[in-house]
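Have a look at the structure below before the remarks.
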Amino acid sequence: MRNAIARSGIGLAAAVSVSIHVFAQVPATDTEQRPEQRLLRGIYRELVEINTTDSAGDCTAAANAMGTRLAAGGIPAADVQIIVPPGAPKKGNLVARLRGSGAKKPLLLLAHLDVVEAKREDWARDPFKLIEENGYFYARGASDDKAMAAVFVANLIRYRQEGYRPARDLIVALTCDEEIIPSKWNGVEYLLRHHRPLIDAEFALNEGGSGVIDRNGKYVRMNIQLGEKVFQTYHLEVTNRGGHSALPVKDNAITHLAEGLARLGSFDFPFTLSATTRAYFERMSRIETGQIAADMRAILRTPPDPAALERLSANPSYNATVRTTCVATMVDAGHAPNALPQRARAVVNCRILPGEAVAQVHQTLAAIMANDRIRVIAAGEPILSPPPPLSAEILGPVESVAAGLWPGVPVVPAMVSGATDGRFLNNAGIATYGMSGMFRDADGGGVHGLNERLPVRSLYEGQAFLYRVVRLYAGGQ
């Protein structure tokens, strides 16, 4: 991680010269006037309104619907495949291919079909109906990740209808169970294990790199994702003999666990910068102003300024960028109101910085607990994935197209604190970059929460961005 960008042979602050046509910005008043935008709108609506939650949804139905769209758009039937894992009829995935000259290895365009749960009684609108209101699309999956999935389908159809023949095959993969960790039916993991040739590529584009709009509607930056933190969950458990609550003793399972969790809550893992996160703060220090900008510059020094680090760490996003985090997310204890607890359990979820040893985090948790009665048990095996290098061939087209669409809006390399399916691809040797060209409000736009939304304008801008960037990466004519 630390040397990924250095190996690319360029500095992120350096200008990248790429000779391409500068495209005009997509005007907010011009949406849905063009055929490609009308096509996208229909695909997006259809996809959003297919429930693909784990509890009641059906990824296979969504994959079939998108397969039908691609076939109607001229993609040969032999190049559109619906792959359903045995024993999981609703966990289907779509893989479609636009064939090129074969001069270069394929480019994979990845998006996930499944969405996080959404209860109608909690939402102001039906989460499985696409609603346009006050310049926003509202729905579960409106942003994460059906916007990108719909764009990839619409753009593949457009390429086909334009007679475009790229120098490399373009592969669209729409997969299931990205939101379920861990899942035995994760689509990307399943395809890599059983159908690797279908999605094998030189590199991939995925979610994880959206833009940011401030409270005044200003486009602040567009992120390009380079890697992500390692997801690892631990179970903490304390057991003892219990007894009658009328005869309490100091050896109480709940008390032991609570004391350990309190220590965890006040603990900070060490501050660490990688090549990606250093570049992130270097660029952000030129975007932010005042104390925040000064603090960003101060933590880049050796040694970092402690007061500046403390102030930045008060922001959860910045804190998660500079250190591993472990937080208690679930607790279960006791068996009766009038009995001493025989067992107390907690779930702790860790997001570990790339390059940091997972075993060391396990040992640190045990040290924080400072109590032999508290067992620390790893839940499953972590997916370790090296971040991809950022070369001129990757960054150049992004910066050039972004400059044409959003003049003056900087492209910022970023590591995501959450998890994406890019971890499977990077681990398998397919360098994966998060970029969508879609801008969201600074609060995240309700992703994974209530009333998820995406600016209408952002959907069409993302379509234009990805259409042009993919053509630059794919070459041909």
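The values are calculated or read from the model by the stated rules, or taken from the named source; none is laboratory data. Source: prediction; values computed, not measured. Here the Cβ is made from the backbone with ideal geometry for all residues, glycine too, and neighbour counts use every protein chain on show.
What the table shows:
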{"read-out": "Number of positions in segment 210-267 that are within 32 Å of the chain's Cα centre (by Cα) and part of a strand (DSSP E or B)", "value": "21"}
{"read-out": "Every residue from segment 424-440 that is closer than 22 Å to residue 280 by Cα, touching a helix residue (DSSP H, G or I) at 6+ places or on another chain (Cβ under 9 Å) and not β-branched (Val, Ile, Thr)", "value": "431, 433, 434, 435, 436, 437, 438, 439, 440"}
{"read-out": "Strands (runs of 3 or more DSSP E) lying entirely in segment 72-173 (those with 1 or more residues that are among the basic types (Lys, Arg))", "value": "93-98"}
{"read-out": "Matching residues, segment 31-71, being part of a loop (DSSP other than H, G, I, E, B) and surrounded by 15 or more Cβ atoms within 10 Å (Cβ to Cβ)", "value": "31, 49, 50, 51, 52, 53, 54, 57, 58"}
{"read-out": "Segment 331-348 residues that are over 16 Å from residue 262 (Cβ atoms), paired with ones that are assigned to a loop (DSSP other than H, G, I, E, B) and hydrophobic (A, V, I, L, M, F, W, C) (beta carbon under 9 Å, 6 or more apart)", "value": "338/246; 340/247; 340/249"}
{"read-out": "Subset of segment 217-243 that is within 30 Å of residue 373 (Cβ to Cβ) and of a type in the set (Lys, Arg) - its residue that is surrounded by the most Cβ atoms within 10 Å (Cβ to Cβ)", "value": "229"}
{"read-out": "Failed item, numbered, when residue 443 is tested on (1) under 30 Å from residue 123 (Cβ atoms); (2) touching a helix residue (DSSP H, G or I) at 6+ places or on another chain (Cβ under 9 Å); (3) among the charged types (D, E, K, R); (4) surrounded by fewer than 20 Cβ atoms within 10 Å (Cβ to Cβ)", "value": "(2)"}
{"read-out": "Subset of segment 450-477 (residues that are part of a helix (DSSP H, G or I) and more than 26 Å from residue 139 (Cβ to Cβ))", "value": "468, 471, 472, 473, 474"}
{"read-out": "Residues that are free of Cβ contacts under 8 Å to residues at least 24 places away in the same chain, out of contact with any Ser or Thr (no Cβ under 9 Å at 6 or more places or on another chain) and β-branched (Val, Ile, Thr), drawn from segment 278-293", "value": "289"}
{"read-out": "Single residue of 297, 286, 301 found to be over 27 Å from residue 381 (Cβ atoms), assigned to a loop (DSSP other than H, G, I, E, B) and not assigned by TED's automatic domain parsing to the domain that holds residue 252", "value": "301"}
{"read-out": "Residue identified as over 20 Å from residue 469 (Cα atoms), at pLDDT below 95 and hydrophobic (A, V, I, L, M, F, W, C) among 28, 56", "value": "28"}
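Every residue, every condition in (1) closer than 30 Å to residue 463 by Cβ; (2) of a type in the set (Ser, Thr, Tyr); (3) in contact with a Leu (Cβ under 7 Å, 6 or more places away or on another chain), yes or no:
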position	(1), (2), (3)
338	no, no, no
345	no, no, yes
350	no, no, no
372	no, no, no
386	no, no, no
393	yes, no, no
408	yes, no, no
420	yes, yes, no
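Residue-by-condition table, conditions (1) surrounded by fewer than 16 Cβ atoms within 10 Å (Cβ to Cβ); (2) closer than 20 Å to residue 327 by Cα:
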{"site": "353", "(1), (2)": "no, yes"}
{"site": "366", "(1), (2)": "no, yes"}
{"site": "387", "(1), (2)": "no, no"}
{"site": "390", "(1), (2)": "no, no"}
{"site": "398", "(1), (2)": "no, no"}
{"site": "407", "(1), (2)": "yes, no"}
{"site": "411", "(1), (2)": "no, no"}
